[in-house]
Every structure is written in structure tokens, then in C-alpha cells.
Amino acid sequence: MLRSKKDYIYTPETNLSYMKKNLLLAVASALIITTLQSQTIKSPDEFLGYELGTQFTYHNRAVDYFKYIAENSPLAKYKQYGTSYEGRPLGVCFVSSAENLAKLDEYRKNNLIKTGLLKGEISGKQIPFIWLAYNVHGNEAVGMEASMKTLYTLVTGSYKDVSEYLKECIIVIDPCQNPDGHDLYTNRYRSSMNYITNPDKNSWEHNQGWPGARSNHYMFDLNRDWTWQTQGETQQRLMFYNQYMPQVHADFHEMGPESTFFFAPAADPWQAVITPWQHEFHKIMGSGNANLFNEKFRLYFTKENFDLFYPSYGDTWPLLNGAMGFTFEQGGGGVSGIALKLESGDTLTLKDRIDGHFTASMATLKVSYDNREKLISEYNKYFDESEKNPSFKYKSVIIKGSNEKSNIKSLLQLLSRNQIRYSFAGSLGKKFKGFEYVSKKDGEVTIEKGDILISSYQPQSHFMQVLFEPDSKLSDSLSYDITAWALPYVYNLKAYAITDKIAADNDTTGSGKITNVLDKNKPYAYIINYNGFDELKFVAAIYRKEIKLRYAFKPLTLDGKNYNRGSIIIARGDNKHFEGDFDQAVTDIANECQVALIPSATGLVEAGKDFGSNYSPLMKKRSVAILCGEGTSANSVGELWYFFERELNYPVSLINIANAGKDELKNYEVLILSSGSYTTLKDTIIDYVKRGGRVIAIENSMSVFAGEKSTALAKAIEIRAAEQKLAEKKVKSDDSTLLKKYDLSVERRYTLTDRSAGSIYKVKLDDTNPYCFGMGKEWFLMKRTAGYPFLATGNNIGYILDKEPVAGFAGFKYKDKIKNTLVIGSENIGSGEVIYISDDPYFRAFWKSGRVLLGNTVLR
């Protein structure tokens with residue numbers, strides 16, 4: 001029977017029943033949609049045509065899969081953020097509910113506004129961004145495989161509670177941070193793998209050649225480049241990261257195959273600025289991972305090896321940017337391939353390794369979701385307190401504007417990339433007491449026009465403190481990496497740390513851009529005062545135009561202006577051969593390199609040596625080769641390659657040791673030996689020098705000449721060894737110092753007494769030597785190697801006179817040995833010359849003050 005409208009009586013109970021029915025219908029609809037999605041969206045296995053874990057996937061196929069998911073699921077959005085050096089795309093998938101993805105830009109801006117890095121008022125709410133980043137090391141290739149499984153699981157809702165995660169969080173998945181390294185590994189592995197799975201560690205597939213595929217195109221370790229951002233992949237990734245500023249960042253790695261799995265909490269030492277909440281959340285994350293690993297009976301460890309002190313890792317850098325940063329390490333690595341037999345007799349498979357990272361990914365999401373509200377509130381508190389109540393003892397850092405401008409420019413570029421604010425300093429003419437970095441003593445500074453201020457009252461106060469702390473505080477000397485990096489030493493800058501809050505001068509005039517105007521009077525010559533690296537870039541650019549130039553061996557005065565040693569002279573009389581507009585070419589290059597070009601109507605100077613003197617010799621464009629290949633350090637070779645191509649812009653040839661015979665080397669006037677072993681080429685290298693070549697021997701490549709008895713270096717080492725033997729205190733058989741504990745950590749600490757853990761030392765320089773022109777009388781060096789004795793014959797150009805480091809950790813035995821030792825030296829052998837540099841002067845390409853030394857040794 002039909003009922004009339006009046007038969008429907010709406011009561012709270014019937015209304016509640018109606019709402020329940022609608023809710024059940026909505027839930028059912030969501031389940032149906034999820035089920036349909038999981039049925040229609042291809043799994044990685046279906047898309048790739050093979051089961052994950054049975055093959056390594058090429059990078060382009062993984063990118064194709066990420067794009068496919070984004071095109072076929074309303075829960076994913078793909079965005080490319082860059083391109084690798086070799087042209088491979090860098091991109092991420094955002095994964096969240098359709099509603100959240102529609103408001104992605106709103107949530108992004110809300111995050112930035114709450115950090116104080118973007119002005120404005122937030123609209124709506126904040127939800128956490130959880131960033132999962134894989135495969136920063138190319139041969140830790142399981143990461144990209146695991147990322148595809150993680151993405152598929154999230155968009156299909158095929159894991160407990162993930163649909164809830166997507167309602168309340170935005171998940172960012174970067175499948176491969178280092179595609180060039182990944183594909184180098186994958187191509188090698190696929191071309192050498194056995195058809196029948198072979199877990200034998202001696203098989204070719206488990207042993208790839210030089211260089212290892214861990215690094216990028218320029219052989220850099222991208223996981224040590226986060227703060228320094230020297231590499232294109234890092235620069236593009238962090239520019240993109242800074243547009244979102246996530247609350248959680250998880251970085252997925254692999255370690256040796258005999259290890260199990262590492263997750264948080266991290267080992268000591270931690271950076272002092274890491275907050276109590278960040279400490280606590282590391283423990284929470286560790287517990288959450290342990291729960292899932294326990295369910296699968298997977299072995300793991302925490303609080304060992306991987307510390308949070310070096311500020312340029314994929315866990316520390318996010319922590320210093322307010323996020324929760326984590327490293328996950330799966331046992332395996334490039335040597336493991338598809339399957340590897342372990343010492344235990346078990347076989348470690350790629351499938352096992354994928355499951356490890358997948359499990360950690362799911363645990364990271366669960367823990368972040370469960371703590372989402374506190375993640376947001378503590379994140380906001382981090383930046384708010386940083387700006388209003390900075391913890392740094394020094395409230396202002398002053399960088400003197402009189403410093404060498406290319407080093408200042410590089411410093412400011414680094415600060416900008418890390419969103420650390422700076423300005424011109426106010427309080428002009430006022431004196432302040434503060435810590436002087438160069439002398440490492442309290443001093444006094446008068447603020448002058450052009451001085452740079454970095455105030456600790458800013459959102460990035462914690463990060464600013466870490467980078468400008470005169471000597472970073474170690475809670476434990478047993479650190480995984482270097483222990484010092486204070487930026488005034490990195491850039492060799494006169495700087496002061498001041499406890500007073502100094503106001504900014506917002507005047508942006510006088511930015512310092514140099515614009516040289518074409519001189520149509522055809523001057524006799526042009527002269528450029530030699531100050532630093534910009535002038536070296538000018539020399540390299542001039543050479544590319546086949547223009548000849550000279551340099552002043554001594555200081556000179558011209559038209560009342562003083563010019564430093566090394567100043568560059570471009571004389572018209574030397575360049576009669578030049579085809580084209582000589583003056584226009586020189587002016588354009590000077591403007592491009594930002595150097596001041598001074599025209600001169602004469603070569604006759606008021607003081608010093610005239611332009612045509614033998615003290616103003618012609619500089620020679622030299623052909624340069626770097627030896628590479630088995631036995632050499634790929635990282636060191638890559639640094640040099642990068643320096644010549646990307647910084648100096650000067651042609652260089654990489655010669656594989658296997659092809660470096662006498663006939664091949666004679667085509668090059670400068671031969672650079674990076675850190676490495678050159679035993680098989682020792683005689684060839686010695687002969688090369690004797691015939692008139694110039695060798696630059698860096699770090700342990702000096703052993704080529706230390707082992708040649710006729711060299712000044714070998715004789716100095718022999719004399720020192722004899723002196724040490726005479727002074728040696730013999731240990732008796734009953735000496736109690738021989739009683740050492742078996743504990744491995746104790747043994748590791750004992751070895752620290754005899755080495756430098758990446759500490760900074762002051763180097764005194766002979767500033768009259770052409771190789772030190774533009775460097776001043778003192779320089780700061782990242783010291784990691786043992787010291788060499790002074791040369792009795794030859795040139796002692798740079799040396800350490802104090803046993804104490806300026807910053808960082810050095811063991812007491814090491815300090816006793818390092819006093820009065822050689823850092824830079826040279827000697828003639830036959831018709832040629834060897835230049836010795838005991839340590840990497842361009843460490844990881846962020847030690848910018850070393851560029852001048854490298855450039856001088858090649859171009860002078």
C-alpha cells in the first residue's frame with residue numbers, strides 16, 4: 001500500500017538511522033572504488049613484464065610506471081623537478097586523497113607560511129608532508145624497486161589503513177635521486193648477470209669495475225652534498241624540496257650484505273641543535289619500525305654507526321630544516337645483485353631487500369600518521385622559536401665586505417640555497433666585540449659599508465648556528481664523517497661572531513656588479529688586479545679565445561694604483577695575431593667573469609717591474625690531463641673533473657691508467673694525480689717529469705715521489721724516519737699500555753688517537769710563490785692525512801706550524817705529528833716540476849677557497 005507524506009515522521013532516531021545508511025553507502029562506495037582501482041591499475045609486475053626482485057629496472061621504465069599511476073589514479077600526481085647531468089628526468093609522485101591533491105598548492109603555502117619563509121596568512125588547515133626518498137646512491141638500486149611497490153600499495157589501498165593515511169597526509173615519493181648512477185649500475189649488472197641465478201660473490205655480476213656506480217656523473221656522493229649543493233641533481237631536488245618543506249623525510253639506503261637492517265634512533269653524536277621532540281620522535285619511529293620488523297621476524301639494529309653530526313646527509317639536513325629526518329639502511333648494496341650467498345650460508349635476494357625497504361616505508365607512514373598532530377605543532381614551534389628566541393650564543397655574524405669577492409659570492413649563494421637570510425649590516429661605524437674566526441680569539445670589529453650580516457633571528461636560526469659555530473661540539477668523537485665545516489674557514493673569510501643583535505641595513509644599492517665600458521682609444525695594455533678565483537676564470541676564458549697574457553711576478557704601482565702579485569696583463573703587442581676586435585673581446589670576457597679591467601696607455605710602471613720585464617712573464621696555455629681508472633679515487637677524480645668543467649671552464653682530458661703510456665702522456669703539459677695508487681705507472685710518471693712535464697700530486701699520490709729515492713721528498717721522509725727512530729721510546733714487554741680491551745668500539749676509539757676526523761688546520765703560506773698568489777698569507781684546510789716533512793731542497797710553500805686544529809677533532813698522537821709539516825711544496829726533477837698538495841684542497845667541491853690553489857698550479 002502507498003503511504004502518504006504525512007506517514008513519514010522525522011525523529012532524531014529516524015534521522016540518525018538515515019545518516020548511518022548514508023555513511024554505510026559512502027563506505028561501501030569507497031570500498032568498491034578502491035577494489036576497482038586495485039583491479040584496473042597494473043601492478044609493477046604487470047606493467048614491467050617481470051616480477052619485482054627478479055631483475056633491476058631501468059630508470060626510464062620506473063618513471064614510466066610513476067607517470068602511468070598518476071594518469072590512472074585520482075590519488076597520485078606526478079611532477080618532474082629536474083634533469084640529471086646525463087639528461088634523465090628527476091621527479092616525484094604526490095600521493096593523497098583526491099581532495100587533498102586538489103588543494104596541494106594551498107597546503108604547500110600553509111607549510112611555508114608557518115615556517116616564516118613565506119609571508120601571508122594560512123587558509124584552511126595544515127596537514128603533514130611525508131617524503132620518501134630512494135636510491136641516492138646508484139648501486140643501492142633496491143630503493144627504486146621498493147618505491148614502485150610502495151606507490152602501488154598506496155594508490156590501491158592494499159595495505160592496512162593506508163586509505164586513512166591519504167586522507168590526513170600528503171606522501172611524496174622520489175623513486176630515484178641519482179638516475180645516472182642507478183643506470184650505470186643497472187646496465188653493468190644486466191650485461192654481466194648469469195642466466196641461471198648465481199649467488200657466488202666471485203662471479204662477474206657481483207664485481208663491477210671503476211668507477212663504482214654509487215655516485216653521479218661527476219662521481220660525487222650525493223648523500224654528502226645536501227648542504228653544499230654543488231651538484232645539479234642536489235640543487236634541483238632541494239629547490240623543489242624547499243617549495244614544500246615536509247615534516248618527515250626518510251632516506252633509503254643499502255649497506256654491506258652481511259649487515260641486517262638499520263633504522264632510528266641514530267647513533268651518537270647528534271647535532272646539539274636537534275630538539276628534544278626530534279630526539280623523542282626518533283625513538284617513536286624506531287619502535288614503530290621494530291613492531292613491523294618483529295612481525296616478519298626480520299633482524300635489525302639501532303643506535304650504531306649512522307650518527308647525526310655531519311650536516312649534509314639526507315637525515316641531518318632535513319632535521320636542520322625542521323623536519324624529522326631518517327636514514328634506513330638495508331643490508332645488500334651493489335655487490336648483492338639479484339642473489340648473494342652470505343657467510344652464514346643463507347642467500348640474500350633482491351626480493352628480501354625490497355621487502356626490507358617496503359616494510360620500513362609502511363612503518364614510516366604509520367608512525368607519521370599516528371603522530372600527525374604533534375608533527376605539525378612541533379614543526380611550527382621549531383621555526384617560531386628559531387626566529388624569536390635563537391639558541392645560538394652569537395646573535396650576529398659579520399662577514400667583512402673587504403674579503404675576496406668570489407668567495408663572498410660563493411658563500412651567499414650557499415646561504416640562499418639553504419634559505420638562510422642575510423643582508424648588509426647596519427650600525428655603520430659602530431664597534432662591536434666578538435669572536436674573530438681567523439685568529440680564533442676575541443677581537444673587535446667596526447661595521448663598514450658593504451659588510452654582510454647573518455642574523456640568528458630568522459627561521460633558519462638552527463641551521464645558521466650549525467654552519468657558523470666556530471667549533472662544532474661533539475658529544476662523541478667516534479663520528480661517521482668530518483667534524484668541522486665552519487663557513488668562514490671554508491671560504492677563507494675575515495669574519496666575526498658577535499653576541500649582540502645587530503640591525504640590518506636594507507640598502508640594496510651598490511650590489512657590486514662590474515660593468516667594464518669598451519675603451520675605443522686602443523690602450524697599450526689592460527691590467528687586472530689579481531684577487532682570487534674570478535681572475536682565474538678570466539684567464540681560462542682568455543685562453544679559449546687564443547689571447548696571450550702576462551702576469552706580474554712582483555707587486556706594482558701604475559697611475560697611483562697598487563696591484564697585487566699575480567695581476568694579469570693583456571698587452572696589445574702580445575696579440576698582434578688576434579683576428580677580430582681585440583678590445584671588444586677582452587672587455588666582454590671581463591664583464592662575463594666580473595673582473596675590473598683597467599686600460600693603460602703605457603707599460604712603464606711607477607713602482608715594481610714594467611710590463612715587458614722578465615718579472616712579467618707570458619703565461620702559457622697548458623694542456624691538462626687527469627689520470628683515472630683502477631687504483632684512483634673516483635670521488636677525487638670526479639672533483640677535479642667537475643672543477644675544470646663546471647667552475648674554471650677549462651678543457652681537461654681524463655686518461656685511464658690502462659692507456660697512459662709515455663707516448664700518450666707526452667701530449668700533455670700538466671698531469672694531475674688525484675688520490676690513489678700509481679704503482680704500475682711510477683716509472684712512466686717519473687720519466688714524464690724528467691722530460692719537462694709538470695705533475696700535481698694530491699694526497700696519497702705523493703707516494704709516487706716519496707718512494708723515489710732521488711727526490712727531495714723521499715730524502716726528507718728518510719731523515720724524519722731516522723730522527724723518529726732515535727727518539728722512539730721502546731715499549732717493554734711488561735708495559736701495561738699493551739693491555740687493551742677486545743671491545744671493538746674501544747679499538748676504534750684507540751685508532752682515533754692517531755688520525756684527524758676531518759678537522760680544520762691553519763696553513764701558513766709563502767705569498768711570494770706564484771702558486772699562492774691570491775690566497776693571502778694564511779689559508780684554512782680540511783686536514784685528513786698524515787703530515788709530510790719540510791723539503792731541504794725545493795719550495796716549502798704551505799705548512800702547518802701549530803699542532804692544534806682550528807676546529808674539529810684530531811687525536812692527541814696525530815696532533816703531535818702534524819706540527820711543522822708540509823702541506824704545499826714543489827721541487828724540480830730533471831727538466832720538469834712536481835707540485836705536492838698533501839690534502840684535497842677542493843674537498844667535495846664545497847671547499848671553495850682551494851679553487852685558487854688548483855687554478856694557480858695549472859695556469860701559472
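The values are calculated or read from the model by the stated rules, or taken from the named source; none is laboratory data. Source: prediction; values computed, not measured. Note that each Cβ is placed from the backbone with ideal geometry, even for glycine, and that neighbours are counted across all protein chains shown. Areas reflect the complete protein model, heavy atoms only, side chains present, ligands, DNA and RNA absent. Shrake-Rupley method; radii C 1.70, N 1.55, O 1.52, S 1.80 Å.
Annotations for the structure displayed:
- Meets criteria (within 20 Å of LYS709 (Cβ to Cβ) and crowded, with 19+ Cβ neighbours inside 10 Å) for LEU781: no
- Answer from LYS149, LYS125, LYS160, LYS119 - the residue that is within 26 Å of LEU375 (Cβ to Cβ) and outside any loop (DSSP other than H, G, I, E, B): LYS149
- In the set LEU117, LEU151, only one residue is of a type in the set (A, V, I, L, M) and closer than 30 Å to TYR457 by Cα; that residue is LEU117.
- The residue that is nearest to GLU723 (Cα to Cα), among those in segment 784-814 that are at pLDDT below 95 and charged (D, E, K, R), is LYS813.
- Some residue of segment 342-358 being of a type in the set (Val, Ile, Thr), at pLDDT 95 or above and open to solvent by 60 Å² or more (accessible area, probe 1.4 Å): yes
- Flag if LEU118 is without any contact (Cβ under 8 Å) to a residue 12 or more places away in the chain and either under 30 Å from GLY209 (Cα atoms) or of a type outside the set (S, T, N, Q) (or both): yes
- For segment 747-772, taking the residues that are in a helix (DSSP H, G or I) and open to solvent by 60 Å² or more (accessible area, probe 1.4 Å), the one that is modelled with the highest pLDDT is identified as THR751.
- Residue match in segment 503-524 (condition: buried (at least 22 other Cβ atoms within 10 Å of the Cβ) and either in a loop (DSSP other than H, G, I, E, B) or touching a Cys at 6+ places or on another chain (Cβ under 6 Å) (or both)): no
- In segment 707-720, residue farthest from ILE829 (Cα to Cα) [restricted to those that are in contact with a helix residue (DSSP H, G or I) (Cβ under 6 Å, 6 or more places away or on another chain) and touching a residue at least 12 places away in the same chain (Cβ under 8 Å)]: ILE717
- Look at (1) outside any strand (DSSP E or B); (2) among the β-branched types (Val, Ile, Thr); (3) more than 27 Å from SER756 (Cβ to Cβ) and you find that VAL438 fails only one, number (3).
- Listed by first and then second residue, the pairs linking a residue in segment 47-72 that is over 26 Å from TYR195 (Cα atoms) to a residue that is open to solvent by 60 Å² or more (accessible area, probe 1.4 Å), with Cβ atoms under 7 Å apart and 6 or more places separating them unless they lie on different chains, are ALA70/LYS77.
- Residues of segment 424-439 classified as surrounded by fewer than 16 Cβ atoms within 10 Å (Cβ to Cβ) and closer than 28 Å to GLN229 by Cα, total: 0
- Among the residues of segment 570-592, the one identified as among the acidic types (Asp, Glu) and at pLDDT below 95 is GLU579.
- Checked against the criterion of being open to solvent by 80 Å² or more (accessible area, probe 1.4 Å), in contact with an Asp or Glu (Cβ under 9 Å, 6 or more places away or on another chain), in a loop (DSSP other than H, G, I, E, B) and within 15 Å of TYR836 (Cβ to Cβ), segment 722-740 contains not a single residue that satisfies it.
- For segment 388-404, filtering for residues that are surrounded by 18 or more Cβ atoms within 10 Å (Cβ to Cβ) and not in a loop (DSSP other than H, G, I, E, B) leaves 4.
- Taken across segment 826-836, residues that are under 26 Å from LEU474 (Cα atoms) and in contact with a Phe, Trp or Tyr (Cβ under 7 Å, 6 or more places away or on another chain) do not occur at all.
- Test: ALA601 is crowded, with 18+ Cβ neighbours inside 10 Å and either within 30 Å of ASP519 (Cβ to Cβ) or in contact (Cβ under 8 Å) with a residue 12 or more places away in the chain (or both): no
- Any hit, segment 276-289, residues being open to solvent by 10 Å² or more (accessible area, probe 1.4 Å), touching a strand residue (DSSP E or B) at 6+ places or on another chain (Cβ under 7 Å) and either of a type in the set (S, T, N, Q) or within 29 Å of GLU385 (Cβ to Cβ) (or both): no
- Residue identified as assigned to a helix (DSSP H, G or I), surrounded by 14 or more Cβ atoms within 10 Å (Cβ to Cβ) and in contact (Cβ under 8 Å) with a residue 24 or more places away in the chain among VAL695, VAL689: VAL689
- A single entry from ASN223, ASN305 fulfils the requirement of being modelled with pLDDT of 95 or more, open to solvent by 10 Å² or more (accessible area, probe 1.4 Å), over 20 Å from PHE358 (Cβ atoms) and among the polar types (S, T, N, Q): ASN223.
For (1) closer than 30 Å to GLU46 by Cβ; (2) within 19 Å of the chain's Cα centre (by Cα); (3) open to solvent by 50 Å² or more (accessible area, probe 1.4 Å), each residue gets a yes or a no:
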site	(1), (2), (3)
THR186	yes, no, no
ILE196	yes, no, yes
GLN229	no, yes, no
TYR241	no, yes, no
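- Residues that are under 14 Å from ARG860 (Cβ atoms) and among the aromatic types (Phe, Trp, Tyr), drawn from segment 539-577: TYR543, TYR551, PHE553
- Of all the listed residues (LEU665, LEU713, LEU640), the sole one being touching a Phe, Trp or Tyr at 6+ places or on another chain (Cβ under 6 Å), modelled with pLDDT of 95 or more, aliphatic (A, V, I, L, M) and crowded, with 23+ Cβ neighbours inside 10 Å is LEU713.
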